[in-house]
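Structure first, commentary second.
The values are calculated or read from the model by the stated rules, or taken from the named source; none is laboratory data. Keep in mind it's a predicted model, so treat the numbers as computed, not measured. When we count neighbours, we look across all protein chains shown, and the Cβ atoms used for this are built from the backbone with ideal geometry, even at glycine.
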Amino acid sequence: MANKLVAPSILSADFANLEKEIKAVAAAGADWIHVDVMDGQFVPNITIGIPVVKSLKKVSPIPLDVHLMIEKPERYIEEFIKAGSDYLTIHVESTANPAEVLKKIRQLGAKAGITLRPGTAVDTVLPLLNLCDLVLVMTVEPGFGGQSFMTDQIAKISRLRQEIDHQKLTCLIEVDGGINEQTAKQCHEADVFVAGSYVFGRDYKTAISSLKF
């Protein structure tokens, strides 16, 4: 599968210069901007919220791919979509009724995504794929940037690819965590690569182009 999409994660960007960073990675070939939202409860870290997403939307020339690592995301999805989330991804573990939340995201006009922690079985998201535009496989434990890639998660990508193709769905497979040129190739069945330190830690164009194969 050619034409991979690349979504640099702003968690690794210079927060004092986010507009400049976003425009620079977009000019270097990035397809989406990945925005990690953490609430300090679902994961042990706090990052950014709705006002920042709204500000990013004003300056980003490419879609915002917003990953909600928050408890009970149904409380906030409407605000995140109004703020400008093009893709909005929730955790299957974070809500009692993920199917209803995914339906609501689509009803409100955004693309719906589902994701799962590394320790959660891939079977938990398979029944939800027909409600999704995106399924995100975490190859690190969610909550912090800069972690090492977990090779045991690659099997989830293969299982998802098999199921998506079997059901003839258009759902994209995204991978986030420890992505670089080598680990991306191990995840060749995925469609979208999220990369933070790998992109923002070097020449943007070189890094992004190395993930498009």
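Right, G40: of a type outside the set (A, V, I, L, M) and on the phi > 0 side of the Ramachandran plot or not?
Yes, satisfied.
Can we say A83 is crowded, with 19+ Cβ neighbours inside 10 Å and either closer than 16 Å to D65 by Cβ or without any contact (Cβ under 8 Å) to a residue 40 or more places away in the chain (or both)?
Here the answer is yes, as A83 does meet what is asked.
Being closer than 16 Å to I114 by Cα and either of a type in the set (S, T, N, Q) or part of a strand (DSSP E or B) (or both) is the filter here; which residues of the stretch 28-85 pass it?
Correct list: H34, V35, D36, V37, M38, L64, D65, V66, H67, L68, M69, S85.
Tally up the residues in the stretch 166-188 that are more than 25 Å from K23 (Cβ to Cβ), within 16 Å of the chain's Cα centre (by Cα) and assigned to a loop (DSSP other than H, G, I, E, B), please.
The qualifying residues number 4.
Checking the structure you have, find out if any residue of the stretch 134-142 is closer than 29 Å to F200 by Cα, in a helix (DSSP H, G or I) and either modelled with pLDDT under 95 or not aromatic (F, W, Y) (or both).
No, the stretch 134-142 contains no residue that is closer than 29 Å to F200 by Cα, in a helix (DSSP H, G or I) and either modelled with pLDDT under 95 or not aromatic (F, W, Y) (or both).
Give me the pairs, please: first residue somewhere in the stretch 51-74 and free of Cβ contacts under 8 Å to residues at least 40 places away in the same chain, second residue anywhere and surrounded by fewer than 16 Cβ atoms within 10 Å (Cβ to Cβ) and part of a loop (DSSP other than H, G, I, E, B), beta-carbon distance under 6 Å, and either six or more positions apart or on two chains.
From the stretch 51-74, the pairs are E71/Q41.
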